[in-house]
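All remarks here apply to the structure that follows.
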């Protein structure tokens, strides 16, 4: 089964490079990478061209002109470019652990979407991580992160849990399984059935709204928070406005109350 990895980026080549190194050392090998670029400048394109020389993994760069925060629109274009039967979504600021793809594929089920987890890093450690820290997997080692200044809390269990312990934590976690932009997956046929992401939404619950429509369509949500893990690099979010959030809240409420299945403006608009 061919697999497509999709994630968005916007003028963050330093973070993008770290994410790509994470995918270059995956234990699973048969996948393509699709970078959904929401209007980045040439620096991002140049980095992608350079990184293609570091791997045999196919990398597609799907770009659109900068028109503000239009994540849903570029995701739909990336989905159309995907050749995989199964699709795994993450973000351009999330470095996947080496078993990230393997776990998504191992735990996938028919008529189900998977809801993975992430561990957020502070800015100083986000900046300090090198390609060698990623390829050696030091960046996922709690002791190393603590030596870099991380405060150890119960949340570090996401990085230490494995096997039956991770399965147990997935089951007892009080967190509701939602479609998470940092770690989620399902079959492409189901994405097409709900018309992809809702392009009338910008920032604020757009990933969860997509998951709501998958559930309205008939899919079950399966929590894999402690199995498929990535580390989330810190960044600013200057693109958010109160109007954007209010609009997104209104659309998501309508999706829930009226059991909406298909995106109002989605993949079929392309």
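Could you tell me whether any residue of the stretch 94-117 is assigned to a loop (DSSP other than H, G, I, E, B), in contact with a helix residue (DSSP H, G or I) (Cβ under 6 Å, 6 or more places away or on another chain) and surrounded by 21 or more Cβ atoms within 10 Å (Cβ to Cβ)? The answer is yes; a qualifying residue exists.
Each residue in the stretch 182-206 was checked for being within 21 Å of residue 85 (Cβ to Cβ) and either touching a helix residue (DSSP H, G or I) at 6+ places or on another chain (Cβ under 6 Å) or not in a loop (DSSP other than H, G, I, E, B) (or both), and 14 pass.
Considering only residues that are free of Cβ contacts under 8 Å to residues at least 12 places away in the same chain and part of a loop (DSSP other than H, G, I, E, B), look in the stretch 134-161 and name the one that is surrounded by the fewest Cβ atoms within 10 Å (Cβ to Cβ). Ranking the qualifying residues of the stretch 134-161, first place goes to 153. So is residue 74 in contact (Cβ under 8 Å) with a residue 24 or more places away in the chain, crowded, with 21+ Cβ neighbours inside 10 Å and either at positive phi or touching a helix residue (DSSP H, G or I) at 6+ places or on another chain (Cβ under 6 Å) (or both) or not? Answer is no for this residue. Of the residues making up the stretch 182-201, those that are over 16 Å from the mean Cα position of the chain (by Cα) and either surrounded by fewer than 21 Cβ atoms within 10 Å (Cβ to Cβ) or on the phi > 0 side of the Ramachandran plot (or both) are 189, 190, 192, 193, 195, 200.
Tell me, please, whether a residue that is assigned to a helix (DSSP H, G or I) and over 12 Å from residue 5 (Cα atoms) can be found in the stretch 53-61.
No, that holds for no residue.
Filtering the stretch 133-179 to residues that are at positive phi and over 21 Å from the mean Cα position of the chain (by Cα) leaves 149, 163.
The residues of the stretch 211-266 that are under 25 Å from residue 127 (Cα atoms) and over 16 Å from the mean Cα position of the chain (by Cα), listed by number, are 236, 237, 238, 239, 240.
Here, each number is a calculation from the coordinates, and none is a lab measurement. No experiment lies behind these values; they were computed from the predicted model shown. Here Cβ is always computed from backbone atoms with ideal geometry, including for glycine, and neighbour counts include all displayed protein chains.
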